[in-house]
Amino acid sequence: IKCSLCTKVLKKIQKMAGDDPDEDAVKAALQKGCRWLGRVLGKLCHKMVSQYQEQISEGLQNGDTPQDICSAMGFCKA
């Protein structure tokens with residue numbers, strides 16, 4: 001569940017941040033990215049995003065795939 005949730009969230013955030021996001025675009029997308037999940041998953045999402053904001057932000061700015069970022073954070077098996 002964690003892996004698919006992580007990749008799903010990051011795909012959404014990646015789409016919202018645009019093709020070549022800067023830090024501000026990523027930050028804005030991170031704040032909005034969890035809203036569409038509903039209350040329970042949204043809470044988990046916010047927790048993940050605040051805990052790993054730095055890694056997610058760097059990964060998206062480097063053009064890493066959601067799968068790569070989630071693996072690096074330990075949510076998915078590489």
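Counting only residues that are part of a helix (DSSP H, G or I), surrounded by 15 or more Cβ atoms within 10 Å (Cβ to Cβ) and of a type outside the set (A, V, I, L, M), which one in region 12-26 is modelled with the lowest pLDDT?
Ranking the qualifying residues of region 12-26, first place goes to 12.
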I want to confirm something. Restricting to region 29-74 and keeping residues that are among the hydrophobic types (A, V, I, L, M, F, W, C) and open to solvent by 40 Å² or more (accessible area, probe 1.4 Å), which single residue is farthest from the chain's Cα centre (by Cα)? 40
Yes or no: region 37-55 includes at least one residue that is modelled with pLDDT of 95 or more and touching a Gly at 6+ places or on another chain (Cβ under 8 Å). no
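The values are calculated or read from the model by the stated rules, or taken from the named source; none is laboratory data. Worth saying up front: this structure is predicted, and the values here are computed from it rather than measured. Counting neighbours? That spans all protein chains shown, and the Cβs are built from the backbone with ideal geometry, glycine included. To get the accessible areas, we keep the full protein, side chains included, count just its heavy atoms, and leave off ligands, DNA and RNA. Shrake-Rupley method; radii C 1.70, N 1.55, O 1.52, S 1.80 Å.
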